[in-house]
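Take a look at the structure set out below.
What follows is calculated from the coordinates using simple rules that are stated; it is not laboratory data. Note that the structure is predicted; figures quoted are calculated from it, not measured. Cβ sites come from the backbone with ideal geometry, for glycine too, and all protein chains shown count toward neighbours.
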Amino acid sequence: MKQYTNTPVIPKKPGLIRSFWCYAQPYRRHIVLALCIMLIDTISSLAAPWPVKLIFDSVLLHKPLTAPWSQIIPTAVAQNIMLLFAVLCVVLLVLAIVSALATYYGMRLLTVAGQRVIFDLRCALFTHLQQLSPSFYDRQRLGDLLTRLTSDVQTIQDLLVMALPMLVLSVMIVASMLIILLFINPIFSVLGVVISLCIFFVLRIYLISIKQVARQARRQEGQANAVAQENLLGIRVVQAFGMEAHSRQRYQEMAAHTLRLGERSADLQSGLPSVVGLMTDIGTLLVLGIGGLLVMRSWISIGDLLVFSSYLSTMYKPLRQLSKFSNTLTRASASAERVLDLLQTRSDVADARNACEALPLRHAIAFEHVHFSYDKERSALEDITFQVRQGTMVALVGHTGAGKSSILHLLQRFYDPQRGAILLDGQDIRQFTLASLRQQIALVPQDPMLFRASVRENIAYGRPQATDEEIVAAAIAANAHDFISHLPQGYDTVLEERGVGLSGGERQRIAIARAMVRQASLLLLDEPTVGLDAQSEEKVVQALERLMAGRTTLISAHRLSTIQRADCIIVIDKGRIVEMGRPADLLAQHGYYYRLYALQFHLQDQTQTTSMKVLRRYS
Ligand SMILES: Nc1ncnc2c1ncn2[C@@H]1O[C@H](COP(=O)(O)OP(=O)(O)OP(=O)(O)O)[C@@H](O)[C@H]1O
Ligand SMILES: [Mg+2]
């Protein structure tokens, strides 16, 4: 099976089948073999009516064998009626067994290939989703994405695994029967073609209408799932505000819309088999009528009529099946469009064509006149220029919404700036591969985001090859070893999703240990102590100080106590740098930073004594 390092490159806007062919291609041998086996099945189905014809004409009605049967069947057998009867019965039995075996093996091969194709598609889709930049997720609803990844892919699987093998077999049978009928009796073949074409057009009209409804239904289902997902994730807030009834009503509205669409599509679908059934019945009646007349005039034998009517009824079977599978077919085609749409979404941030590997920081990170907006309307950062020299600690402070996190996002290339550049040792970070750039960075986010895995695995997330000793050493340095040791299974305790069950401070310390094992040259800390009480904060700050020792650090902080040791403080206001310098210098300036500081430490503004107090904190 394939390795999922990269999504297969899909050419822009080809047809659905061509777009998905790249997933089926690795299994083309399976598919060709399955088709060959199904061909045997088709041939045995085509041959089956002929022994029946011979039984009627030559055994029951005692007519002499005509060409080519008189040449194929040895005279000794042809002259002994009972022997001929027995041989024809055995041939029928053999054909039935061959057909059964071929159906089994052919279907099995195609089904297995279909399942593997779906497995590859699912993995490729997940890989692709992981590569898309955060700007994509800003615009998407998670519930809808999950619907595409799960139920849309499942619908395509239903088609590939259940319906398609049957349809392929049916199409092969219809085509070969029409060709044979053309040779035997053109009247019947014209009749067959006309009726098949009528059915085909009726089917087409139905399928187009059903597909439109199916498309809307899939979209609506995605929306309903998005509402469910959002409400379940925020269940605490929903319950705390007593909004259960409101949430239920919103979900019911969405689900009711899906129900209405389902009813409309059921309406269309239920009519289809009846219409197709009626048309095929009329077709059979026509064959019997015309055929009966021909038999009465002795233009054809009863056996011939049996062969024709058996061929025509075999031909109608797949058309009937197609009408039954219309639901699967249309749903799958609507789902395939949605999946393809996702696969064709390109990430806003991607490796440049000749991107090179980023090396550990040696000199400095520099922002040069960076302008950035998330939505191209409201500016988030304007003309940001500053430097972080290797081994120093630079702190970003400012009111909420000032743009601190945005600076950290840009440095990790979650987004690219619209103007200006970010340089790592003098080279634009857009010239590096994303993976190698992020390899140089250890992040402690504001929300630590732990995974449902053991504590050990969560810490090793920073560097999967970290040894047990390194993990424990990181936990000790992060002030986390003590509380981890008191967990029921210590480092092997499996955490709940998002680290539920641990306090905010404990989660934050695991996140610090995770950053510690990463051994990256650049450390990014986004509000690492926000929401912690004084005691937790003290432990986290101690851990951070160990983490920052010897590393280049860019930290965003509301709590100024966290950043008293910073080499440089950058004050941001409404996306612009309004002050920058050493903490003591900024305090002495009595500007923005001084006011922030005074506010946090409850100092009286503008008095000589407070200035002295403030300055003393730094001495
Ligand atoms: N994903 C996003 N899409 C659109 N706008 C965003 C997005 N994230 C942030 N913003 C906007 O960008 C501006 C800067 O946000 P940012 O998160 O950088 O602020 P911050 O200084 O980190 O604030 P805080 O201290 O509250 O974390 C804000 O006005 C915010 O509304
Ligand atoms: Mg922030």
Residue check, Ala511 within 16 Å of ligand 2 (Cβ to nearest atom), assigned to a helix (DSSP H, G or I), over 20 Å from Pro583 (Cβ atoms) and within 32 Å of the chain's Cα centre (by Cα):
yes
Say whether the condition of being within 16 Å of ligand 2 (Cβ to nearest atom) and in contact with an Asp or Glu (Cβ under 8 Å, 6 or more places away or on another chain) is met by at least one residue in region 514-524.
no
Among the residues in region 466-488, are any aromatic (Phe, Trp, Tyr) and in a helix (DSSP H, G or I)?
yes
Filtering region 572-600 down to residues that are more than 23 Å from Ile441 (Cα to Cα), part of a strand (DSSP E or B) and within 16 Å of ligand 1 (Cβ to nearest atom) yields Asp573, Arg576, Ile577, Val578, Glu579, Met580
Would you please name the residue that is farthest from ligand 2 (Cβ to nearest atom), looking only at residues in region 449-461 that are in a loop (DSSP other than H, G, I, E, B) and either among the hydrophobic types (A, V, I, L, M, F, W, C) or surrounded by 22 or more Cβ atoms within 10 Å (Cβ to Cβ) (or both)?
Ala453
Flagged in region 407-448 as within 16 Å of ligand 2 (Cβ to nearest atom), in contact (Cβ under 8 Å) with a residue 60 or more places away in the chain and not aromatic (Phe, Trp, Tyr), in numbering order, are Ile407, Leu408, His409, Leu411, Gln412, Leu443, Val444, Pro445, Gln446, Pro448
